[in-house]
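Taking it in order: structure first as structure tokens, then the write-up.
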Amino acid sequence: MKISVNYLFENFNRTIGGECDSSKTFETDEALLSVEISDERIKVEFTPKKNVLIINTKAILKQEYQETDRLFFNGYQDWSFSYEDTIKTRNAGINKMPFKSYTVNKLHLDRYGDGHFVEYDDKEGVNHGWSYFYIRNQKNYKLFGSLNEDFAFTRFKVNTKENILSIIPDIEKYEADKKFTVLDVCVLNGLEDEVFDKWFEMMGIKKPNCEPIIGYTSWYNHYQDINEDIIVKDFKGIDALPQKIDVFQIDDGYETYVGDWLNTDKNKFPNGLKPTVEAIHAKGFKAGLWLAPFCAEEKSEVYKNHRDWFVKDKDGSPLKCGCNWSGYYALDIYNKEVVKYLEKVFDIILNDYGFDLVKLDFLYSACVYARKDKPRGQIMADGMKLLRRLCGDKQILGCGVPLASCFGRVEYCRVGCDVSLSYDDVFYMHFLHPERNSTKRTMIDSIARRHLDGRAFYNDPDVFILRDKNVKLSAAEKEKLATVNGLFGSVLFMSDDASLYDDKKMNLYKKILKLRGRVRDVELIGNKLTVKYEYENNLEELSIEL
């Protein structure tokens, strides 16, 4: 292994490190670098003797790749495409964007993922993922799992043609004035359950203390076009289901603007949200509510009246994180006034209105920019700790977030991008960022990240859709989506009016409720991902082209 830390001291570049096959210490006038290597772990610590600025850090390992190997790449956040691939892998990322300068400068599409701080190599055999990475050959896994994500996110970059694996901590421009762990990675070999159980044990992450859930969300049928009457009418469709749901979730559209969470739209909910929560409880459901606590849109009162609450970009302006709504900006979670505001929001939503579960979305906004004293990993971990404190024993469904930051901190979490009402969305969306909406991609994400289910949290594969109206999915595509969700999801949500289901749709709904735990094999052959599963004593299969 070759380890190097490049840093700046008194405007001069310095490098510390070198080759090491066993534990070793490197020293310069400004710093000490300690490398500990054992059979299952690589740990590197940096001790500055003087204040220095970290420029970049990298550990390069020799790693031979075989033609039959399958490589798993975990995307930057849960919407980022995540998949197993062959050793001919490649990823262009945002490099494929048409009119890239416009989409980046005006729409900020690079900020949904890692495109604004990672340079993508559009070369065969070169790809990267975050937090963990594995090489699978048949049933044998070699798992590289970070044990240091609460400080700095860890990037695993492969180059299969040069037979190397680079481990790159996200600590660029970090001002080091005290000892810190540069990287801490376990290297585990064995069967799938063996390596993932061991990794979570080494992280000290306990299994979620809750149960899988089924439910309804207003989003994928009504989107923001909701009101008090529509929510109550949705109960009729739920009453037609053969099994009582656990959660009824009100999604985006109840608030005047994103960020103004306590300003309920009076035209839509003239009586506020509390009576609607009471109606949901009267049906015997838990009440869920969507919000994006770490951002606010441009039209919001929060943005207009509290510019000092927001993270600033390099020009000193509020940091824009994307183009949803009227454009939205990142709140500074270290600002005491922001924390007071969020304390008030969550107290009213959970204790006054009476919601039982909150779906917390667009969480990556908190850590779009690293700070000189805090890498992105630490910012995101601090953000999740804050949310856990604010929610107490109420349940959290995380979304739009780097996943390792949620391990052991949320009950449920999305593991893929948003479902689209067509199979792979409209064609021009294919050239946008890796976090785009796609039914095809979210199915692949859900299958690829199956190992997190029941370990880190319970996996949410997003909704399944069986209805005929307001959707462009074919009957076969809808059945495939529902089957993937049933097999790999512990959060089974839908947005349909089930009172309109015919017998075939109702039988399919009943089927997916029985599929959890019935996967028998998952294999990537060439460009085709195939899942074999057992149902009613028969071995069935489905396939998805990558």
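The values are calculated or read from the model by the stated rules, or taken from the named source; none is laboratory data. Just so you know, these numbers come straight off a predicted model, no measurement behind them. Glycine also receives a Cβ, built like all others from the backbone with ideal geometry; neighbour counts cover every protein chain displayed. Heads up: the accessible areas ignore ligands, DNA and RNA and are worked out on the full protein's heavy atoms, side chains in. Shrake-Rupley method; radii C 1.70, N 1.55, O 1.52, S 1.80 Å.
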Can you tell me how the stretch 437-546 classifies by the Cα gyration tensor, rounded, prolate or oblate, using a/c under 1.5 as the rounded cut? rounded
Straight-line reach check, residue 100, cutoff 19 Å on alpha carbons, 8 or more apart in-chain or any other chain, hits among aspartates and glutamates -> 110, 114, 119, 121, 122, 435
Inter-label distance, nm, simple model (7 Å from Cα along the C-beta direction), residue 424/residue 10: 5.7
Pulled fully out, how much extra length does the chain show between residue 528 and residue 2, if you take 0.36 nm times their separation in residues and subtract their Cα-Cα distance? 185.8 nm
Based on Cβ point charges of +1 for Lys and Arg and -1 for Asp and Glu, what charge dipole magnitude is obtained for the stretch 172-316 about its Cα centre, in debye rounded to the nearest 20? 380
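How much of the DSSP bridge set in the chain is antiparallel, in percent, rounded to the nearest 5? Numbers along the way, then the final one.
Values: 92 of 119 bridges.
Antiparallel: roughly 75 percent of the beta bridges in the chain.
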Quick one: which residues, 5+ away or cross-chain, put their amide H under 5 Å from the amide H of residue 63? H built at 1.01 Å from N. 164, 165
Along the stretch 120-128, what does the Karplus equation 6.51 cos²θ - 1.76 cosθ + 1.60 (θ = phi - 60°) give for ³J(HN,Hα), rounded to whole Hz, x for Gly and Pro? 7, 9, 7, 10, 5, x, 10, 7, 8
Please identify the GluC sites (Glu not before Pro) of the stretch 216-304 that satisfy two criteria: DSSP loop assignment and at most 16 other Cβ atoms within 10 Å. Which are they? 298
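Just the number please: accessible area per residue for the chain, 1.4 Å probe, all protein chains included, in Å².
Details: 22770 Å² over 546 residues.
Spelled out: the 1.4 Å probe surface of the chain, per residue, equals 42 Å².
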3J(HN,Hα) from dihedral phi, the stretch 177-190, Karplus parametrisation 6.51/-1.76/1.60, rounded to Hz, x for glycine, proline: 10, 8, 4, 8, 8, 5, 8, 8, 10, 8, 10, 10, 10, x
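Stretch residue 53-residue 211 to full length: gain in nm at 0.36 nm per residue minus the Cα-Cα span? Walk me through the intermediate numbers first.
Working: separation 158, 0.36 × 158 = 56.88 nm, distance 4.55 nm.
That works out to 52.3 nm of additional length.
Grab the alpha carbons of the chain, take their convex hull, and tell me the volume per residue in Å³.
Here the figure is 147 Å³ per residue.
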Under the 7 Å Cα-to-Cβ spin-label approximation, residue 201 and residue 347 lie apart by a distance in nanometres of 4.4
What is the distance in Å between the Cα centroid of the stretch 154-231 and that of the stretch 444-460? 10
Dipole of the chain (Lys/Arg Cβ +1, Asp/Glu Cβ -1, origin at the Cα centre): which of 7, 95, 367 lies farthest to the positive side? 7
Only Lys, Arg (+1) and Asp, Glu (-1) charged, at Cβ; the stretch 119-223 dipole about Cα centre in debye: 220
Treating each Cα of the stretch 58-199 as an identical point scatterer and ignoring solvent, apply the Debye formula and state log10 I(q)/I(0) at q = 0.12, 0.16 Å⁻¹. -0.52, -0.90
Straight-line reach from residue 374: which aspartates and glutamates have a Cα under 14 Å away, not including same-chain ones fewer than 8 places off? 149, 150, 170, 172, 175, 177, 332, 382
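Among the listed pairs 198/344; 304/336; 2/207; 142/372; 88/173, which have their C-alpha atoms separated by more than 29 angstrom in this model?
198/344; 2/207; 142/372; 88/173
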Name the residues whose placed amide hydrogens come within less than 5 Å of the amide hydrogen of residue 90, ignoring near sequence neighbours (fewer than 5 apart) on the same chain. 125
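When the chain is fully extended, how far beyond the present Cα-Cα distance does residue 371 get from residue 541, taking 0.36 nm per residue of separation? The partial results should precede the final answer.
Numbers: separation 170, 0.36 × 170 = 61.20 nm, distance 4.75 nm.
My answer for the length gained is 56.4 nm.
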Scalar couplings 3J(HN,Hα) for the stretch 269-282 by Karplus 6.51 cos²θ - 1.76 cosθ + 1.60 (θ = phi - 60°), nearest whole Hz, x for Gly and Pro, are 10, x, 9, x, 8, 4, x, 5, 4, 4, 5, 5, 5, 5
Is the shape of the stretch 93-148 best called rounded, prolate or oblate, per the rule: a/c under 1.5 gives rounded, else a/b larger than b/c gives prolate, else oblate, with a ≥ b ≥ c the square roots of the Cα gyration tensor eigenvalues? prolate
Charges only on Cβ, +1 for Lys and Arg, -1 for Asp and Glu: so what's the dipole of the chain about the Cα centre, in debye to the nearest 20? 180
Which one, 465, 380, 475, projects farthest toward the positive side of the charge dipole computed for the chain from Cβ point charges (K/R +1, D/E -1)? 380
Please give the Cα centre distance for the stretch 266-342 versus the stretch 27-93, rounded to the nearest Å. 35
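So, R0 is 25 Å and r is the distance between the beta-carbons of residue 45 and residue 123; what FRET efficiency does that work out to, to 0.05? Could you put the intermediate results ahead of the total?
Working: r = 33 Å, r/R0 = 1.31.
Working from the Cβ atoms, E equals 0.15.
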Measuring from label point to label point, each 7 Å out along Cα→Cβ, what is the residue 282 to residue 503 span in nm? 3.6
What residues have an amide H closer than 5 Å to that of residue 214, excluding those fewer than 5 places away on the same chain, when H is modeled at 1.01 Å from N in the peptide plane? 246, 247, 492
Nearest 10 degrees, 0 to 90: helix 336-347 Cα axis against the chain principal axis: 30
Most positive-pole-ward Cα, 321, 272, 346, against dipole of the stretch 256-358 from beta carbon charges: 272
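In the structure displayed, which of 266/394; 244/514; 43/178; 480/504 lie more than 21 Å apart, Cα to Cα? Mind showing how you got there, number by number?
On the way: 266/394 26 Å; 244/514 14 Å; 43/178 17 Å; 480/504 14 Å.
As for pairs spanning more than 21 Å Cα to Cα, those are 266/394.
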